[in-house]
Amino acid sequence: MAEEEADQANGAASTTSQSDTDVDIEDLISRVPAEPGVYLMKDRRGKVIYVGKAKNLRARVRQYFRPGGDERFFVAAGFLRRALGDIDTVVVDSEKEALLLENHLVKKHQPRFNIKLRDDKQFLVLRIDPTAEYPRVEVVRNIKDDGARYFGPYHSATSCRETLRFLNRHFQLRTCTDHVLRTRKRVCLQYQIKRCPGPCVYEIDRDDYASQVKDVMLFLSGKKEDVLPRLRERMAARAANEEYEAAAQIRDAVTAIEKALSKQHIVQEDFVDQDVFGLYREGDAVEVVVLFIRQGKLMGRRTFYAREQELPDDEVVTAFVQQYYGLGTFIPDEVLVPAELESSDVIAEWLGVTRGKKVRLVRPQRGQRRRLMELAHKNASASFASRSRRDEDAAAALEKLQRRLSLRKLPRRIECYDIAHIQGASTVGSMVVFQDGMPDKSSYRKFKVKSVTNDDFASMYEVLSRRFRRAATGDERWQLPDLVVIDGGKGQLASAVAAVTDLGVTVGGESGIELVGLAKERELAGEDAPDRVYLRNAKDAIRLRPNTAELYVLARLRDEAHRFANTFHRERRRKGSLRSALDDIAGIGPKRRSVLLRHFGSVKAIKAASVDDLAAVDGMTSKAAEAVHDYFRR
């Protein structure tokens, strides 16, 4: 019923349409009902550009047009407001109905601003249509919502074809097409070599054939242990009827399945079917992986990617889960997800109804299931790193950063600086470099601050001065950056600008460099505090939206500079803490200290040595030996 209403939504709107030139947003919102349902946002040509669901339609729609109500790029940048022409709504009775209807409408309209489930490539899958006259196994690339069962996907054509050959060899299902099945007059070679019962020509036992089909689906679902008892039972029945050739064929199938089982890796002690979703993101570029665990064994994976997704992780996962299982994909006993989903109970109920059996939707916190989540995350990260479009993602992120900060040129080379010390001790500075959006570690530099202590502003001035003074020598290793990012607020940024301009480096304009500061809001503490960018000539800082490409680039730069500075600072502190008592003796430098320790083995042995013993060590003099001896005697 809900789908019928949705199909009518394009023609008979639940709200009043506006003219192409004058869209009254407040009037549109006032006509949206304050009830649960689904809303369809249309552009001024009547095309659906976004579909969403809500417990209270009016409150949710109002959020899109309230300042700070929705931080997604297409909303915050004003694209939605400029494109919007009308809002249609469909009121439903429950969240479950809204979930189903939203899923149907997204698949039907493919709205511009909704998340779209896209494979990083089209994998091969095996398809069985149980409603066909004599079902067969066929290789396809696209999963359709047609009532058929799909198994896979397979990462290579070779593995898919090998599985198909295994099935054809050990399970007697037809291999010909439906057209050939209906028109063939003579049996083919597959019948002659005992790999097909020949339903195209001969009358066969349909129950036996259906049993074979069930065995194949159990095998492809990963439930090979369930197939073996069924095959052994049939083998015994054939042998009892003295059908020894048929029994021998089943025996060979049992042996082959047992051999295949011995090669599989057990990753879960609980022998349940699971799909494990892993999520990895870099800004608005998202990679989702699904691991298939069948009877405790890892059977394979499937990966998807999406770009320009500024939604929070839980909403991204919710959209992927809905679309993934909405395709008619096999639903397991458990679905493990990496985020707490707002509609988890509704999604679990929907999956259970679709499957015909209860399904658990779990966000694991510990134990074996948590380790599976970590494995899925590693797979998502590796898949993202190996994608050929990563360079395109980095370039797109730099373009967004350029627009957001109003930079005159694309910031291909970005440098970030940070200062590290503890109460002014062992003060150091770090410089990290990103080239075309990626770390260029060969260009990283570290500085020992010499002129000041416990003054971040003066330390930043010294580090920047030394860096740009070296650039003035013409050394290619110290080429000028397009953008300088300072880890800090207005004070640190002002020190950096002063250091650069004092050296005569052009700041701003078409040919100059640009400097910005990056810091979290002072009044909010912790990791979740929003980041703000401070510009040279702007009074107010720019607040960056979460999950955006530009924030990801800057935060990654800042975190890398922070890590590099802290590592160098710890090294200096560790070296300082290793001072020996010998360092306080006049005339004993690093070389003599090293020689004495190597010769005697410890400070305690040096303390007990005589003047003659000390003077006999290579590099020592009588005067130095007496100084050491007298020091310890005092």
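Gain on full extension, evaluated as 0.36 nm per residue between K409 and K194 minus their Cα-Cα distance, stands at 70.3 nm. Of the residues G509, T427, F457, the one whose Cα sits farthest towards the positive end of the charge dipole of the stretch 402-575 is T427 (charges of +1 on Lys and Arg Cβ, -1 on Asp and Glu Cβ, taken about the Cα centre). For D584 and K539, a Förster radius of 51 Å and the Cβ-Cβ distance give a FRET efficiency of 0.45, rounded to the nearest 0.05.
Here the extension length gained between T453 and K47 equals 139.9 nm, from 0.36 nm per residue of separation less the Cα-Cα distance.
Computed from point charges on the beta carbon alone (+1 for Lys and Arg, -1 for Asp and Glu), the dipole magnitude for the stretch 402-575 about its Cα centre is near 420 Debye. Between D178 and R477, the C-beta separation translates, for a Förster distance of 60 Å, into a calculated FRET efficiency of about 0.30. Placing a pseudo-label 7 Å from each Cα along the Cα-to-Cβ vector at A237 and L218 gives an inter-label distance of 1.2 nm. With the simple spin-label model, which puts each label point 7 Å out from Cα in the Cβ direction, the A555 to N56 separation comes to 2.9 nm.
Estimated from the Cβ-Cβ distance and a Förster radius of 51 angstrom, the FRET efficiency linking M438 and K185 is about 0.20. Counting charges near K378 (Lys, Arg +1; Asp, Glu -1) among other residues having Cβ under 12 Å from its Cβ returns a value of 0.
Compared with the direct C-alpha span, the chain from I25 to L503 gains 166.8 nm at full extension, assuming 0.36 nm per residue. For the stretch 380-478, the spread of Cα coordinates along the three principal axes comes to 46, 32, 27 Å, biggest extent given first.
Net charge of the neighbourhood of G508, taken over other residues with C-beta under 13 Å away and scored Lys/Arg +1, Asp/Glu -1, is 0.
The Cα-based radius of gyration and maximum Cα-Cα distance (Dmax) for the stretch 274-386 are 13.2, 38 Å.
Read-outs: derived from the displayed coordinates by stated rules, not from any lab. Computed from a prediction, not measured in an experiment: that's the story for all the values here. With ideal geometry, Cβ positions are generated from the backbone for all residues, glycine too; neighbour counts draw on all protein chains shown.
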